[in-house]
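Down below is the structure, laid out as structure tokens.
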Amino acid sequence: MILIVGQTEDDILYFRSRFTGGEKTDSLPGGIRAYVGAFGNEDMVIAATGVGVLPAAIATSSLIDKYDPYLVVNVGTVISIAPNLHQGDIVLGERYYLKNVDFSLLTGDEYGAFPGGAPYLTFVKEVSNNARDAAYDVTSKYIARGYILSGDDVDVTKDVYEKIVKEHYASAKNLMVAYDSSSYGVAFAASSRKISLLTLRVVGVEAGKPDTLLSYKRATLESMSDIGSILAQLLIDKQNQFTTMQEDMD
């Protein structure tokens, strides 16, 4: 089974519309609604986690525990940080960083890391590689592979993100491409349960360009079909490989 999560019902609407044979709705604790059905020959569950790193982590963890997927697909929107990323482009996440976590004075751990942990989360590269190859086959959208920074506060001022990256993530400066308010939570849940993760998110807003807020919803909904096509092609090409990828994470 595959689990698709987005922040809002709008993020997952397209994927629900692609169910073959209808859907059923399961209610989970915390008000989570999970939509269960089939996507071609693949069983699939789709849910909105809510906005925020912690809600995303809790909801994704609950969904993984109940449905035991072999792959989590993280969809939705991001704010672009990289200057070459524009509204409607697609971000393929490869590392996940967390904003406003700093135990350095207490434990000596790096900014963004919980005590004893790493300053970022990462997964086996085969999933991203396969998604990139599938994207080249089915869409002309610009696909940016890079790192995603997550936090609960949202700002469209470019200087805010540039300052964070400069002060705390200088070594990742050229690869930190986007910001959102849930991807780290999804990644944390998948990583702690050793589940493969694929992040495909649409640039809805460009940092430093507040006018993109006016059209972000339309741009996001239009690009979800491209993400759906990438996922469908990925399942055709690589369906038998995801279970072996899980073994690499053990």
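The values are calculated or read from the model by the stated rules, or taken from the named source; none is laboratory data. These numbers come from a predicted model, not from an experiment. Don't worry about glycine lacking a Cβ; one is built from the backbone with ideal geometry, like all the others, and counts go over all protein chains shown. Only protein heavy atoms, including side chains, enter the accessible area calculation; ligands, DNA and RNA are left aside. Shrake-Rupley method; radii C 1.70, N 1.55, O 1.52, S 1.80 Å.
Observations
- Top-ranked residue of the range 54-80 - restricted to ones that are in contact with a strand residue (DSSP E or B) (Cβ under 6 Å, 6 or more places away or on another chain) and open to solvent by 20 Å² or more (accessible area, probe 1.4 Å), ranked as nearest to GLY228 (Cα to Cα): THR77
- Residue match in the range 218-240 (condition: out of contact with any strand residue (DSSP E or B) (no Cβ under 9 Å at 6 or more places or on another chain), modelled with pLDDT under 85 and part of a loop (DSSP other than H, G, I, E, B)): yes
- Near pairs, Cβ below 6 angstrom, 6+ apart or cross-chain, from the range 125-137 (over 13 Å from LEU71 (Cα atoms)) to any residue that is modelled with pLDDT of 90 or more: ALA134/ILE230; ALA135/ILE143; ALA135/ILE230
- Counted residues, the range 10-26 - those being at pLDDT 90 or above and either over 22 Å from ASP226 (Cα atoms) or of a type in the set (A, V, I, L, M, F, W, C) (or both): 6
- Residue satisfying condition, being within 17 Å of LEU221 (Cα to Cα), open to solvent by less than 30 Å² (accessible area, probe 1.4 Å) and touching a strand residue (DSSP E or B) at 6+ places or on another chain (Cβ under 7 Å), within set ALA38, ALA34, ALA48: ALA48
- Remark: pairs (first residue in the range 144-155, of a type in the set (Ser, Thr, Tyr) and in a strand (DSSP E or B); second residue surrounded by fewer than 20 Cβ atoms within 10 Å (Cβ to Cβ) and modelled with pLDDT under 85; Cβ separation under 8 Å; 6+ apart in sequence or on different chains) = TYR147/ALA172.
- Where a residue in the range 35-64 is in contact (Cβ under 8 Å) with a residue 12 or more places away in the chain and on the phi > 0 side of the Ramachandran plot and its partner, wherever it lies, is of a type in the set (Asp, Glu) and not in a strand (DSSP E or B), with Cβ under 6 Å and at least six apart: GLY52/ASP152
- Within the range 116-127, the set of residues being under 13 Å from the mean Cα position of the chain (by Cα) and either open to solvent by 60 Å² or more (accessible area, probe 1.4 Å) or within 21 Å of GLY204 (Cβ to Cβ) (or both) comprises just one member, THR122.
- If the condition is being out of contact with any strand residue (DSSP E or B) (no Cβ under 6 Å at 6 or more places or on another chain), at pLDDT 90 or above and surrounded by 18 or more Cβ atoms within 10 Å (Cβ to Cβ), then the range 167-199 contributes SER181, SER182, GLY185, PHE188, ALA189.
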